[in-house]
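Participant: Before I ask anything, here is the structure I am working with.
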Ligand SMILES: [Fe+2]
């Protein structure tokens, strides 16, 4: 008798059997093991998904099934089949050759002498080790549920990791574009714009403004995104960017184009993320942070709420920081002077609600 049936509550964790089945592969050369496993796990579901058993009677058969069916979550694996180590060889093949690190493997052996637990669990990437004699129906159930839970967590992490890799690639793409040129901004300006943009967005949210737009994602995104507002300056030549005096008409056109090139650089990167995330927000900020609420800005002459909110917020932070900083063409202004000038720009340069939130923050800081 391989499994001792034990009385107790129904094995099913959920009555909802409508979901996609968990695929569980039983690999064993004894027909009786398949039959008893089927009996023990009959009707079992986990998180509303039924467990569906696949059967293989040798390691070779198992490898064929695994190649055809990549979504197997869990394997109940015998050790001694066509060879004394057929099961262990299969483990190595799954991890190394098939490259499947996610699938959970429970070794089930009737001959622990052939595969001692301590050696096997250290040397092979398996997730559990059971002798057949210890596996009652309930213990099998517990091992399977624990295995499925672990599989789901591993899959979640794998998916997140894949997302991070894509994001990383997109970021490196943007930085590579940047590195081909050079940046004249100081890191301190970038950090202050970051902090101010986040603070203004949070203040707007706490006041209940733009509730449809400002969610956690927005707050999270605008910090990073606002730091990229002047990425396009890498394409502005030194003699324009660093000119101490005022720019002539042609030079001014070149300078204004930093919005267009910055927006394009970031839009290209954002497209790697499917147009989502902080790079997409960065692209709209880079393009529109010099628009003015009354429509007199550049590059598109947008007005009012047709200017992206992220850009309206960054505009306030960027202008304030530019005013209080020394630039080749101007000295640093005292904060009070900068605020006095900006205060008169509600509805002209700036979105009045955004400006008001900003002034409120500054009133508490100065
Ligand atoms: Fe700019």
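Participant: Pairs please, first residue from region 316-342 and closer than 24 Å to residue 243 by Cβ, second anywhere and within 14 Å of the ligand (Cβ to nearest atom) and not in a helix (DSSP H, G or I), Cβ atoms under 7 Å, 6+ apart in sequence or on different chains.
Facilitator: Listed pairs, sorted by first residue: 318/229; 318/289; 332/325.
Participant: Output yes when any residue across region 277-291 is in a helix (DSSP H, G or I), loosely packed, with under 15 Cβ neighbours inside 10 Å and within 16 Å of the ligand (Cβ to nearest atom), and no when none is.
Facilitator: Filtering region 277-291 down to residues in a helix (DSSP H, G or I) leaves 277-288.
Still in the running and loosely packed, with under 15 Cβ neighbours inside 10 Å: none.
No.
Participant: For region 235-256, how many residues meet the condition of being more than 17 Å from residue 318 (Cβ to Cβ) and either within 13 Å of the ligand (Cβ to nearest atom) or part of a helix (DSSP H, G or I) (or both)? So that I can check it myself, show each step before the final result.
Facilitator: Restricting attention to region 235-256, the residues satisfying the condition of being more than 17 Å from residue 318 (Cβ to Cβ) are 235, 237-240, 242-254.
From the residues that got through so far, the ones that are either within 13 Å of the ligand (Cβ to nearest atom) or part of a helix (DSSP H, G or I) (or both) too are 235, 238-240, 249-254.
Qualifying residue count for the region: 10.
All of the numbers you see were taken from the coordinates with simple rules; none came from a lab. No experiment lies behind these values; they were computed from the predicted model shown. As a convention, Cβ positions derive from the backbone with ideal geometry for all residues, glycine included, and neighbour counts pool all protein chains shown.
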